[in-house]
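The values are calculated or read from the model by the stated rules, or taken from the named source; none is laboratory data. All of these numbers come straight from a predicted model, not from anything done at the bench. Methodologically, a virtual Cβ is constructed for each residue, glycine included, from the backbone with ideal geometry; neighbour enumeration extends over all protein chains shown.
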Amino acid sequence: MESYLDVLTEQVKLIEKSDANLSGRSATIPVTVQNNLLQGVEHLVLRLKSSNPTRLKIGDGPYDEKPIAVAGGHSQSVKFTTSANANGPVTVVAQLFTEDGQPYGPEVAFDVKVTEVTPTVMLVIAGGVLLLVLAGFRMYTQRKRAAARRTAEEQEAGPGDEGLNEEPEGTVDTEDTEGSTDGPRDESGTEPEADDPEHPSDPTPDTAPESADPSGTGERVDR
């Protein structure tokens with residue numbers, strides 16, 4: 001009969017728990033109770049105890065207790081409120097008890113690493129995050145203004161530059177054609193001078209034109 005009761009007792013147990021990290025001044029620690037029986041279990045008490053209450057308190061003191069009622073084939077998670085007073089590891093022990101204070105099943109122990117974050121540290125972290133946000137916003141606004149400035153400059157300078165750079169179609173370079181139509185030039189680069197036309201004011205030559213008629217016989221002709 002006693003062995004049968006031991007088997008039934010083993011069907012209601014605490015789930016093994018891994019080590020936990022506690023950041024901040026207060027947090028909750030969950031502990032799970034599993035019932036593998038076909039019927040529900042009541043009138044049990046779950047106690048969570050701190051091995052160092054000066055560093056970590058459970059509830060308002062070194063331990064806290066909560067009543068347990070688990071249906072058959074189910075599990076129940078019970079949460080305990082804790083408060084940290086100093087940094088460092090603390091061993092915490094969970095144990096089931098009957099209503100008259102008798103231990104029920106084996107206890108489960110695990111370590112809690114306490115990392116207290118003071119309000120000053122929180123302010124420093126919040127200030128750093130705020131600076132990062134402001135820096136990102138400033139970079140965004142500067143890039144936006146630079147893009148708008150470039151767009152405005154392109155719109156102002158675009159039509160005028162296109163009109164100056166474009167050459168009218170059908171134009172011909174006349175430099176070569178003018179050179180080809182000019183007359184021959186001497187080596188010095190000057191054009192040969194044409195014969196000057198006679199002007200009416202120029203004196204007539206002294207010699208008269210010779211007559212084409214034959215002179216008479218024995219007639220003297222002065223030349």
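Is there any pair with a first residue in segment 34-61 that is assigned by TED's automatic domain parsing to the domain that holds Q102 and under 17 Å from H74 (Cβ atoms) and a second that is part of a loop (DSSP other than H, G, I, E, B) and of a type in the set (S, T, Y) whose Cβ atoms are under 8 Å apart and which are 6 or more apart or on different chains, and what are they?
L44/Y104
Among the listed residues V92, V129, which satisfies the condition of being surrounded by 11 or more Cβ atoms within 10 Å (Cβ to Cβ) and among the β-branched types (V, I, T)?
Among V92, V129, only V92 is surrounded by 11 or more Cβ atoms within 10 Å (Cβ to Cβ) and among the β-branched types (V, I, T).
Please specify each residue of segment 14-27 satisfying the condition of being at pLDDT 90 or above and either within 21 Å of E99 (Cβ to Cβ) or polar (S, T, N, Q) (or both).
L14
Restricting to segment 34-54, give me the number of residues that are in a strand (DSSP E or B) and surrounded by 13 or more Cβ atoms within 10 Å (Cβ to Cβ).
Here the count works out to 10.
Taking interchain pairs and intrachain pairs at least six residues apart, which have beta carbon atoms under 9 angstrom, with the first residue in segment 118-136 and over 22 Å from S83 (Cβ atoms) and the second at pLDDT 80 or above?
As it stands, the answer is none, since no pair meets every condition given.
Can you tell me which residue is farthest from A69 (Cα to Cα) among those in segment 1-58 that are touching a Leu at 6+ places or on another chain (Cβ under 8 Å) and β-branched (V, I, T)?
If we take residues in segment 1-58 being touching a Leu at 6+ places or on another chain (Cβ under 8 Å) and β-branched (V, I, T), then I58 is farthest from A69 (Cα to Cα).
Restricting segment 8-33 to residues that are more than 17 Å from G73 (Cβ to Cβ) and assigned to a loop (DSSP other than H, G, I, E, B), which is nearest to the chain's Cα centre (by Cα)?
My answer is G24.
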